[in-house]
1. Which residue is farthest from the chain's Cα centre (by Cα), if the candidates are limited to segment 66-83 and must be of a type outside the set (Val, Ile, Thr) and within 22 Å of TRP53 (Cβ to Cβ)?
2. What residue, of ALA91, ALA75, is under 23 Å from LEU108 (Cα atoms), in contact with a Lys or Arg (Cβ under 8 Å, 6 or more places away or on another chain) and part of a helix (DSSP H, G or I)?
Amino acid sequence: MGGVGRVALPALAVLHRADEDGHEHAPVFVGAATSRPPVELGGTIHPQRLTQWFGEHRKAAKIPTGTLHILRHTAATIALTSGVPVHIVAARLGDDPKTVLSTYAHLLPQSDELAAERVAAALAG
């Protein structure tokens, strides 16, 4: 998929952190409502400006590393592990559901158990 699209964003963004050795840390929430966005509402965001803006806010929050791409993975991970259907997550990411499944399927081992429980409940009905 490509092109321009609009996606609803939460008031806060989540930054997944890892230290220099790759050890995972708790996610950090950034992007308070008082922070000025890199462009007026509804305007076009130049990718370099958005990256610069994000970097400034990341550093101000004293987070040593992190990229916008990590936010993409974090958003997908949170959505999928919270039960958002794969096709919805894929649409929000601008990806094909097959791509999302190939990247994030390891996060969904509970999906098979949940499916079995729901089918059993429906049959018991």
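1. Going residue by residue through segment 66-83, those that are of a type outside the set (Val, Ile, Thr) are 66, 68-69, 71-73, 75-76, 79-80, 82-83.
When the remaining residues are screened for being within 22 Å of TRP53 (Cβ to Cβ), the result is 66, 68-69, 71-73, 75-76.
On the way: GLY66: 13, LEU68: 10, HIS69: 9, LEU71: 5, ARG72: 4, HIS73: 5, ALA75: 1, ALA76: 4 Å.
Here the answer is GLY66.
2. Details: ALA91 fails: in contact with a Lys or Arg (Cβ under 8 Å, 6 or more places away or on another chain).
When all the criteria are applied, what remains is ALA75.
Let's see how each residue does on (1) surrounded by 11 or more Cβ atoms within 10 Å (Cβ to Cβ); (2) within 20 Å of the chain's Cα centre (by Cα); (3) at pLDDT 85 or above; (4) of a type in the set (D, E, K, R):
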{"residue": "ASP19", "(1), (2), (3), (4)": "no, yes, no, yes"}
{"residue": "SER35", "(1), (2), (3), (4)": "yes, yes, no, no"}
{"residue": "VAL39", "(1), (2), (3), (4)": "yes, no, no, no"}
{"residue": "GLY55", "(1), (2), (3), (4)": "yes, yes, yes, no"}
{"residue": "PRO85", "(1), (2), (3), (4)": "yes, yes, yes, no"}
{"residue": "ALA91", "(1), (2), (3), (4)": "yes, yes, yes, no"}
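The values are calculated or read from the model by the stated rules, or taken from the named source; none is laboratory data. Remember, it's a predicted structure, so these values are computed and weren't measured experimentally. Ideal geometry is used to build each Cβ from the backbone, glycine not excepted, and the neighbour counts take in all protein chains shown.
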